[in-house]
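Any read-out appearing in this document is the output of simple, stated calculations on the displayed coordinates, not a laboratory observation. Worth saying up front: this structure is predicted, and the values here are computed from it rather than measured. Cβ placement follows ideal geometry from the backbone for every residue including glycine, while neighbour counts extend to all protein chains displayed.
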Amino acid sequence: MSGLEARLLAHPQFAQRAFWTWLSLLMLALVLPSLHGCAQRASDGGDIVTASDEPEQRHRARLRLQLALGYYERGQHTVALDETKQALVIDPAFVDAYNLRGLIYMQLGQPRLAQDSFRRALSLGGDNPDVLHNLGWLQCQQGEFAQAALSFERALAQPAYSQRGKTWLSMGLCQIRSGQPVAAEQSLLKAHALDAENPVIGYNLAQLLYARDATPEARLYIQRINSNGALVNAETLWLGAKIEHRLGNAQARDRLGGQLRVRYPGSKELDSYDRRAFDE
C-alpha cells in the first residue's frame, strides 16, 4: 500500500456512514433482466427475437419470468423465487431466469445459492455482461475483491454492453471497500463520463477527492448534488460544509449548515456542524 493510500484509508470519510451507503446500494448496483418490450436480445444466443418468432417454450418461460420480475421489484422475493423456478421448469436453459434467481437469492441472504445461479447462467450464456456484473457485485459483498474485479472487467469487455456506467460505479465502490481509493477514483471518473447526473457517482467522487485534499475538485461534484433539492440529504450538506470550511468559505459553509438545521434538525451531521467538528 502506498503512503497516499494509507493516508486516505485513515481519513474519517472512510470510517463514517456514507451517503447512499454500501448496503443500500444493492438495488442500484444490480442489473435486472430486460424482459419488457416486443423485441428482446436473447441472452444465450445474441440474436434479436420477437414475440412472433421466439420458440414457444422460451416464450412461455419469459411470461412466467415477467411475473417473477414484477414480484421481485415489489419486494415479494419468495413469490418471485417460486415464479422463477417455474420458468426454469418450462425452459431449463433460460439464462435470464438464472440471473434473476441469483438476484433473488442475494436478497434472501443466500450468497452461495446466488453464486451457483450466476455460474449456471454463465455456463449457458457465455460472458453475459449482466450476469457478470451481478456476480461481481455479489463477490464484492462477500469480500472476494480480486474475483469481483475480474467479473467486472469481463463485463466491461463485452462490446455491446449497455450498462458500463453502472459497472464502473460498482467497481469503484468495491475498490473503496477493499481499500483502493486511487483505483476507485479512476473507476468513478469513468462512470461519471458515462453518467454525469448520477448522484452516487458524484458524492463518492467528492468524498475521495476531499480525502486526498483535492478540495476544489471535490467542491464541483458536491455542489452539483446540493444544488438539486431532490438529491440533497444531511450527508451531502455536511460534506459540502466541510469542503467550504477547508477552502475558507465561511459564508458558504454556514449557509449549508443553515440548511442542515432547517431540514435535518435531529441529524448527527447537524450535531457535528454545531460542534465545529470539520476535521474529525
*In percent, what relative contact order does the range 59-130 have, based on Cα pairs under 8 Å that are 6 or more apart in sequence?*
25 percent
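Out of the range 54-94, which trypsin sites (Lys or Arg not before Pro) are coil in DSSP terms and have no more than 14 other C-beta atoms within 10 Å? Numbers along the way, then the final one.
Details: sites: 58, 60, 62, 64, 74, 85; in loops: 74.
Sites meeting the loop and neighbour criteria: 74.
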*Can you tell me the order of 179-185, 226-232 when each peptide is scored by its average per-residue count of other Cβ atoms within 10 angstrom, highest first?*
179-185, 226-232
*Please identify every one of the trypsin sites (Lys or Arg not before Pro) in the range 207-280 that sits in a loop by DSSP and has no more than 13 other beta carbons within 10 Å of its own beta carbon.*
275, 276
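First select every other residue whose beta carbon is under 12 angstrom from the beta carbon of residue 104; then total the charges, Lys and Arg +1, Asp and Glu -1.
The answer is -1.
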_On a straight-distance basis, which lysines could pair with residue 190 in a cross-link, Cα separation under 24 angstrom, same-chain partners fewer than 8 positions away excluded?_
166
*Counting Lys +1, Arg +1, Asp -1, Glu -1, what net charge surrounds residue 244 among other residues with beta carbon under 12 Å of its beta carbon?*
+4
